[in-house]
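Report on one structure; see the data block that follows.
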Amino acid sequence: LDEQELAKFKDAIHNNYFFEMFIEDLPMWGYVGDISAEDYIIGEVEGSQTFLFPHLHFKIGVNDGKIVAASATTDSDRKVDITDVTNPTD
């Protein structure tokens, strides 16, 4: 991702954006990323970090050949630090 794309993701994370998907009319949602050590009033402060969740895990429940449950979760162990958007990622 380049600097402009990272800045868009960082802005989305700071504004609590989330994704939503449907499978067989069952909703799945989760956050795009997370922030650590952010001040709730001031926002981003020195020492705070912004993380992007690039990996999702899907769980699909099936009963008698039909989808009856679905969920998508993020993998916090594989989060990517995008605090410095001037440092492009692969």
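The values are calculated or read from the model by the stated rules, or taken from the named source; none is laboratory data. The structure displayed is predicted, hence computed values, not measured ones. Cβ: placed from backbone, ideal geometry, glycine included. Neighbour counts: every protein chain shown. Quick note on the areas: whole protein, heavy atoms, side chains included, nothing else; ligands and nucleic acids left out. Shrake-Rupley method; radii C 1.70, N 1.55, O 1.52, S 1.80 Å.
Determine if the range 70-79 includes at least one residue that is in a strand (DSSP E or B), among the β-branched types (Val, Ile, Thr) and at pLDDT 90 or above. Checked the range 70-79: no residue is in a strand (DSSP E or B), among the β-branched types (Val, Ile, Thr) and at pLDDT 90 or above.
With respect to being of a type in the set (Asp, Glu), modelled with pLDDT under 85 and open to solvent by less than 70 Å² (accessible area, probe 1.4 Å), residue 38 fits the description. A Cβ distance below 6 Å, combined with a sequence gap of six or more or placement on separate chains, defines the contacts here; from the range 53-77, residues that are over 12 Å from residue 31 (Cβ atoms) reach residues that are acidic (Asp, Glu) in the pairs 55/75; 67/24. Taken over the range 41-69, the residue count meeting the criterion of being within 22 Å of residue 1 (Cα to Cα) and either touching a Cys at 6+ places or on another chain (Cβ under 6 Å) or at pLDDT 85 or above (or both) is 9. Restricting attention to the range 9-20, the residues that are open to solvent by 60 Å² or more (accessible area, probe 1.4 Å) and part of a strand (DSSP E or B) add up to 2. Considering the range 24-33, the residues that are farther than 9 Å from residue 72 by Cβ, in contact with a strand residue (DSSP E or B) (Cβ under 8 Å, 6 or more places away or on another chain) and not aromatic (Phe, Trp, Tyr) include one that is surrounded by the most Cβ atoms within 10 Å (Cβ to Cβ), namely 33.
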